[in-house]
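Have a look at the structure below before the remarks.
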Amino acid sequence: MRRFALLFMILVTAGTTFAQQQQPAKPAPKPAPAPAQPPAKKSPFTPPAFKITIATEAAFPPFNYLDKKGLPAGFEMELAQDACQRMKAECEFVAVKWDDLIPGLLDKKFDIIMSSLEVNNERRRRLGLSRRYYLSPGAFIAEKGQPFDGPPTLLRNKRIGVQKDSTHADWLDKSFRRSAQIKRYNSIADALQAQQKEEIDAVFGDKAQLWLWSQKPEGKCCEVMGQDIKDNQTLGVGVSAGLRREDIKLREALNKAFAEMMSDGTFKKLNDKYFPFPLN
């Protein structure tokens, strides 16, 4: 009897232990949810569509030069900055030696040249040129008070200085070869110095350059006078931006930006900021 009672107790204890082992484990408590993050703020500025680098010589003021911080500035750089905004482009500006501009562009060191690049056949062959963005006409400068402020024919039989082997010399040869004394100089600076010394009656050259000289102390003797001279065959068609020929979409976007600036008055506003006469 005692054996039976002892066996019964062993079976009950084993059954209880087995039942406890078969019960499923209680699930671990869930971690508390993380606090909600505030929504990210959107920038009020439209992100740039692409990035480009614009190169200039920065040695032809006021068209392009280095400001007090050593950054490219001037008339052309302001045009470029406005064009970048219209193209939604992030633009970087770099100063490059003149002789390195076209090779650097073709080597993809930068994307656009804006450095008073006059259009000619050689550049048309090598580059993809934008539409013209400025044209400085030919003009005469002479001593103040001279009776030349009219048609070029008033300078017949006069001594006219010009830089040799230039487009302006070509125009003088075409227009005055038989009616004036054409004196050729190594540079426009040499011709202007002769004008200052009254060795000649007038100088023919780029109107912007002549006007800038007249604003200097040495140029106070003289003033730009007469009619603007424009002649595509000899004086060219103006200044364009240089791009690689394969960058067709970039050239189209730049042309569109220039066209908008011409039509909405932006170009005129910048023109008037730097010059008292139109450059187009």
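The values are calculated or read from the model by the stated rules, or taken from the named source; none is laboratory data. Nothing here was measured: the structure is a model prediction, and the numbers come from that model. Positions of Cβ are generated from backbone atoms using ideal geometry, with glycine treated the same way; all protein chains shown enter the neighbour counts.
Quick notes on this structure:
- Scoring I112 on the criteria (1) on the phi > 0 side of the Ramachandran plot; (2) buried (at least 20 other Cβ atoms within 10 Å of the Cβ); (3) not basic (K, R) leaves a single failure, condition (1).
- At least 1 residues being of a type outside the set (V, I, T) and at pLDDT 50 or above is the threshold, and among the helices (runs of 4 or more DSSP H) wholly inside the stretch 1-106 those reaching it are 75-87, 98-106.
- Against the list (1) under 26 Å from the mean Cα position of the chain (by Cα); (2) free of Cβ contacts under 8 Å to residues at least 24 places away in the same chain, the condition V239 fails is (2).
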